[in-house]
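Following: one structure in structure tokens, then a few remarks.
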Amino acid sequence: MKTQSLGYPRIGSQRELKKACEQYWSGKISGEELVQTGMSIRQYNWQLQKDAGIDLIPSNDFSFYDHILDMSLTVGAIPQRYTKIVPNGHGPLLDLYFAMARGYQKNGLDITAMEMTKWFDTNYHYIVPEYTKNQSFNYFSSKIVDEFLEAKNAGINTKPVIIGPVTYLLSGKEKEPGFNRLDLIENLLPVYLRLLKILEEHGAEWVQFDEPFLVLDITKKAKSAFQFVYNEIYKAFPKLKTILTTYFEGLRDNLELAVSLPVTALHIDLVRCPQQLAETLEVLPAGMSLSIGIIDGRNIWKNDFQQSLELINNAVDKIGAERVLIAPSCSLLHSPCDLDFETMLDTEIKQWLAFAKQKINEVVTLKQLASPEGNKAAMERFIANQVAIESRKTSRLINNQGVKQRIGAITETDAKRQSVFSVRKSKQRKALNLPLLPTTTIGSFPQTIDVRSWRTKLKKGEINSEQYDTLLKGEIEKTLRWQEEIGIDVLVHGEFERNDMVEYFGEKLNGFVFTQNGWVQSYGSRCVKPPIIFGDIYRPNPMTVYWTVYAQSLTQKHVKGMLTGPVTILQWSFVRNDQPRSQTCTQIALAIRDEVMDLEKAGIKIIQIDEPAIREGLPLRKADWQEYLHWAVRAFRIAASGVNDETQIHTHMCYAEFNDIIQDIADMDADVITIECSRSQMELLDAFAGFKYPNEIGPGVYDIHSPRIPSVQEMKLLMKKALELIPKENLWINPDCGLKTRGWAETSAALKNMARVALELRKEIA
Ligand code: GLN
Ligand code: ZN
């Protein structure tokens, strides 16, 4: 039996990579220094996995920005617009590389970055490869070989991790019409063959091909591409040991295809899909080994050794130990680095957790436990493991009878507004008295250095909560006056008290804990620190009422209450794995509902429940969508439906494609939805118009992700497009998203223009 790791976090346990990259970008350190940081992270990771006793240690899992971008450089898929940038001679061609990732504005050049998108259903974003018709590829960057040799010099014969050719093509985009990116497979394959040849010559024994597209619904064309490339690779390198790696879902109808490919081993994800073990063992050909992904690479919970040993034994009984590999379910890229750095966590909760380093040790311990010789130290770890697992099941920290009863007592009426939208609309019109094309914003206003420093000072005890209160109130008042002055119709308090839209609520709810250092890479140098949902969730006290009511007390205009929705809170946290996600989501929904009711009671007439993450929660397979959408939409409705008809519920979503889920968005039954729209020039609205979306819509007219200030002219043009598609009495005017990351200068100029658009259009329409 062997153990393997599919990839280790690359950011460094103290986010060394983030810091070094940002220093390099701002010119504070040299390329050599950055390269040096990368090297020391790699060495540390390799040594750690070697010392733990992992048999197949990965290389090329490191990346300065993104491993798909690395692959684009490896195969020379460099879009035309970057050819003017002269590589600066560092190993990874840093300037060119970062230009592709982040754009380039230097030396008289102004080149846009490549697009970025989410990697499957993770919160990791990759740089989308760009393809043109008949594109040729060439072996351009030797990163994979260099890192293999670097490890070899350190005495470790690693297993290079390579994005498989089919997944590499499928994860990219055709940049011109008239071809399918899979047509490029024959041009691409020779570069892979060349790379493998060099690796083999240097003594590589194992190679890992990541082909997660095998867990998706794929076309016939993709299936034959898989057959083509893996047969060719086998023909060229019959002795190379290859691992076809799949993760994030079960193989389902692609199982037959996967086991038909001439590879040494197949890796499957048994955390997402434990039932595929039996199916796979049934059809695995005699010559193929099976890597079983039993340690959760996507979550932070300690593995249950008892359960894992059962899976291992099933596999061993059926195919023999020599054909079994034990592994995490996927790359540990998606886990935080090291639990040992968490010194503030409640010790009871801490013993339930495992981060990347601990997961590596779990893999090795499981192998020791499964081997017939037995191992005394491993046996002790087994007992400790089972004690921890048992303590989690029975802990008083986790279980709250009140919450469970409340969940059980939810009725369909709880998930339904009192009246249908048309009735609510006329009541709200009377109650709110808003002009045609009302203007509003999405919630947050610039989080200046000052605002952030107050929060830090409060945490460090440098100011007390009264002082903090006064400072925030000042900022709220300033922001409100300013909105009044420029003529915004529905005001917001600015969300200055919030560090993050999920963390803020998590900190106020029961059932959440926070780490000090549980960072996970989101994209490039950006890392996130998701809260951990460990127990039943409830809201001990109001969370936002204080600030919202204060803001409302300052103005005659309506102040919109701002909440984060249950699906988004769920989606951006590490979620407990001892009950269905739907149930955890419903618990959050009830907590948000309590807050909505308190806001209404306190006189707030408009309440926004943000759900930017609703779409990214969609399962990978279409067959599973309806089940998810059913509980996700229901959770939103439970949160929103306690209020009177007169109270107006808004929701907000960004980065969304709506076409395929428009019915479900309509089912959320928010009175108003604000969406991201300006980048696509209102294209998104087509979905709403075609569907005859019945409720009100605020299509974003101001792209807040850019420092550009949109002119009156261009925003007006966008609104005119919207007016052609949507009845005027259903339209709002607002930015794309919150303004938290913007500065005041551009924000105020842009919003002034936006308010003018409303005035001018109202006149024109009248
Ligand atoms: N209300 C949030 C804000 O304005 C919404 C953020 C989001 O959509 N991601 O910051
Ligand atoms: Zn948004």
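The values are calculated or read from the model by the stated rules, or taken from the named source; none is laboratory data. Since the structure is predicted, the reported quantities are computational estimates derived from the model, not experimental observations. Heads up, the Cβs are rebuilt from the backbone with ideal geometry, glycines too, and the neighbour counts pull from every protein chain shown. Note: areas computed on protein heavy atoms with side chains; ligands, DNA, RNA excluded. Shrake-Rupley method; radii C 1.70, N 1.55, O 1.52, S 1.80 Å.
So the values come out like this:
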| read-out | value |
| --- | --- |
| Whole-angstrom gap from segment 188-203 to segment 206-249, using each part's C-alpha centre | 15 |
| Two-site label geometry, residue 176 and residue 118: point separation in nm, points 7 Å out along Cα→Cβ | 3.3 |
| Residues with amide H under 5 Å from that of residue 267, placed H, sequence gap 5 or more | 244, 245, 246, 291 |
| Centre separation in Å (Cα based) which lies between segment 678-737 and segment 107-159 | 36 |
| Heavy-atom accessible area per residue - the chain, 1.4 Å, Å² | 40 |
| Computed magnitude of the charge dipole of the chain (debye, nearest 20; Cβ of K, R +1, Cβ of D, E -1) | 860 |
| Stretchable slack from residue 764 to residue 660, in nm (0.36 nm times residue separation minus alpha-carbon distance) | 34.0 nm |
| Where a label projected 7 Å from the Cα of residue 624 along Cα→Cβ would reach, residues of segment 253-293 with amide N under 18 Å | 253-256, 267-280, 293 |
| Degrees between helix 581-601 axis and first principal axis of the chain (Cα, 0 to 90, nearest 10) | 20 |
| Loop-resident sites, segment 328-401, for GluC sites (Glu not before Pro), counting at most 11 other Cβ within 10 Å (DSSP) | 373 |
| nm² value of the averaged projected area, convex hull over the Cα atoms of segment 513-643 | 9.9 |
| In degrees, nearest ten, helix 220-236 long axis to first principal axis of the chain (Cα) | 30 |
| Fraction of alpha-carbon pairs over 24 Å apart in segment 182-314 - percent | 34 |
| Residue-span extension gain [residue 510 to residue 456] - 0.36 nm each, minus C-alpha spacing | 17.2 nm |
| Within straight-line cross-link reach of residue 28, aspartates and glutamates at Cα separation under 17 Å, skipping those fewer than 8 residues along the same chain | 16, 95 |
| Residue 554 paired with residue 200, simple spin-label distance in nm, labels 7 Å along Cα-to-beta-carbon | 7.0 |
| GluC sites (Glu not before Pro) restricted to DSSP loop in segment 647-726 with at most 12 other C-beta within 10 Å | 657, 683 |
| Of the trypsin sites (Lys or Arg not before Pro) in segment 700-734, those whose Cβ has at most 13 other Cβ within 10 Å and which sit in DSSP loop | 708 |
| Beta bridge orientation in the chain: antiparallel %, DSSP, nearest 5 | 20 |
| Value at 222 nm in deg cm²/dmol, rounded to 500, when DSSP H runs of n ≥ 4 in the chain each add -39,500 (n - 2.57) | -13500 deg cm²/dmol |
| In degrees, nearest ten, helix 744-765 long axis to first principal axis of the chain (Cα) | 60 |
| Modelled FRET efficiency - R0 25 Å, residue 528 with residue 132, Cβ distances, 0.05 increments | 0.15 |
| Across 19/159; 19/143; 175/220; 19/118; 404/460, pairs whose alpha-carbon gap is larger than 25 Å | 19/159; 404/460 |
| Compactness index (Cα Rg / 2.2 N^0.38 Å), the chain | 0.99 |
| Sites excluded, chymotrypsin sites (Phe, Trp or Tyr not before Pro) in DSSP loops with at most 15 other C-beta within 10 Å, longest stretch of the chain | 180-513 |
| Kirkwood estimate for segment 613-766, i.e. one over the average of 1/r between Cα atoms, Å | 16.5 |
| Proximal charge balance of residue 63 [Cβ under 11 Å; K/R count +1, D/E count -1] | -1 |
| Relative contact order %, the chain, counting alpha carbon pairs below 8 Å whose residues are six or more apart | 11 |
| Net length gained if the chain between residue 411 and residue 583 were fully extended (0.36 nm per residue, minus Cα distance) | 60.5 nm |
| Cross-link pairs 173/720; 427/692; 2/622; 622/716 - those with Cα-Cα distance over 28 Å | 173/720; 2/622; 622/716 |
| Kirkwood Rh, Cα atoms: Rg over Rh of segment 394-450 | 1.24 |
| For segment 5-59 versus segment 406-449, the gap between their alpha-carbon centres in whole angstrom | 47 |
| Sequence ranges 606-618, 7-19, ranked by mean other-Cβ count within 10 angstrom, highest first | 606-618, 7-19 |
| R0 of 60 Å, Cβ-Cβ distance residue 383-residue 706: FRET efficiency to nearest 0.05 | 0.60 |
| Per-pair calculated FRET efficiency, R0 = 30 Å: residue 430 and residue 546 via Cβ, rounded to 0.05 | 0.55 |
